[in-house]
Amino acid sequence: MYVLILVDISVGRGKSMDIEMVDLLRKMVDEAPFGMYVLDGERKIIFWSQGAEHITGYSREEMVGKHCFNGGLDHIDSTGLHLCHDFCPMMATIFDGQSREQPVFLKNKAGKRVPVLVHTEPLFSGDKALGAIEYFRVLPESEYPIPKER
């Protein structure tokens, strides 16, 4: 189950409450048992969670500000097809506003493929697409063997 919490912290609260709410939301995301990152409409990483750091080995400092297709994750699907430029679930979600979920294989900082289930959600402000969120969790390699890259 995935939960997206959007809170307007700008209305009717003092600055200290805003900071407390932001800190609480960051702590909730960082302590979640999955990775999460957020892309803007140009596919630039604007948020990278501690769970994402743990799963991939890439720090927040290494990833924020990079385009997802230049960040080293180099996702492939179960047939070994590279997804990052032509078949990217996040790019498709940004384009059409549809959620997606599929098993993929990311490359961690050590160069090892890791099977993960990715779930993407669009981010909107009214009718305008702002970007997308990806949640991902590690899958058992015994059930999701690493494919040969094509």
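So that you can scan it fast, the table gives a plain yes or no per residue for (1) under 13 Å from the mean Cα position of the chain (by Cα); (2) buried (at least 17 other Cβ atoms within 10 Å of the Cβ); (3) within 26 Å of ALA92 (Cβ to Cβ); (4) of a type in the set (D, E, K, R):
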{"residue": "LEU24", "(1), (2), (3), (4)": "no, no, no, no"}
{"residue": "MET36", "(1), (2), (3), (4)": "yes, yes, yes, no"}
{"residue": "LYS44", "(1), (2), (3), (4)": "yes, no, yes, yes"}
{"residue": "ARG60", "(1), (2), (3), (4)": "yes, no, yes, yes"}
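Checked against the criterion of being at pLDDT 95 or above, surrounded by fewer than 20 Cβ atoms within 10 Å (Cβ to Cβ), among the small types (Gly, Ala, Ser) and on the phi < 0 side of the Ramachandran plot, segment 118-130 has no qualifying residue. Working only within segment 1-54, note down all residues that are at pLDDT 80 or above, small (Gly, Ala, Ser) and in a loop (DSSP other than H, G, I, E, B). Answer for segment 1-54, where residues must be at pLDDT 80 or above, small (Gly, Ala, Ser) and in a loop (DSSP other than H, G, I, E, B): ALA32, GLY41, SER49.
In segment 121-150, the residues that are of a type in the set (Lys, Arg) reach residues that are part of a strand (DSSP E or B) and surrounded by 17 or more Cβ atoms within 10 Å (Cβ to Cβ) with C-beta atoms within less than 7 angstrom, at least six apart or across chains, in these pairs: ARG137/VAL116.
The values are calculated or read from the model by the stated rules, or taken from the named source; none is laboratory data. Keep in mind it's a predicted model, so treat the numbers as computed, not measured. Glycine gets a Cβ as well: all are built from the backbone with ideal geometry, and neighbour counts include every protein chain shown.
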